[in-house]
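K.L.:
Could you have a look at this structure, given as structure tokens, before my questions?
Just so it is clear, none of the values below were taken in a lab; they were calculated from the coordinates. Not measured: the values here are computed from a predicted model. Note that each Cβ is placed from the backbone with ideal geometry, even for glycine, and that neighbours are counted across all protein chains shown.
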């Protein structure tokens, strides 16, 4: 990457496989269910600016150039994301360091990538 910085000096998308795509509403509902609290209410379309109902990332460039593929499916991604934020808020109240927890999640992610024989791992 350092030897061809221009090729790699641009934006990249990293996200789930196509079967992991969900609507914004589904994503919010899944996160609330994992968090075990929270609510949401659809916005009144009459007074709100347009918001997409469906969002997705095109990861083709990351796959073709970097040989990157997702390690977690959508459910695992949400589980780990919610777990991190819950840990953050619990530790924030205690004024604790999130570094060990974050590193544990990164190591776990890399180990799963190795078991899947992903090239970068």
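K.L.:
Give the label of the value calculated from the structure for semi-axes √(5λ) of the Cα gyration tensor in Å, choosing from (1) 28, 18, 14; (2) 28, 23, 15; (3) 23, 18, 14.
P.N.:
(2)
K.L.:
Turning to a different aspect of this structure: For the ranges 82-88, 112-118, what's the packing order if you count other beta-carbon atoms within 10 Å of each residue, average per peptide, and put the highest first?
P.N.:
Order by mean packing, descending: 82-88, 112-118.
K.L.:
Follow-up. Based on the Cβ-Cβ distance of residue 40 and residue 17, what FRET efficiency does E = 1/(1 + (r/R0)^6) give at R0 = 35 Å, to the nearest 0.05?
P.N.:
0.85
K.L.:
Also, I was wondering about something else. How large is the helix-only mean residue ellipticity at 222 nm for the chain, computed as the sum of -39500 (n - 2.57) over DSSP H runs with n ≥ 4, divided by its residue count, in deg cm²/dmol to the nearest 500?
P.N.:
-15500 deg cm²/dmol
K.L.:
Output the relative contact order of the chain, whole-number percent, from Cα pairs under 8 angstrom with separation of 6+ residues.
P.N.:
Rounded, it is 30 percent for the chain.
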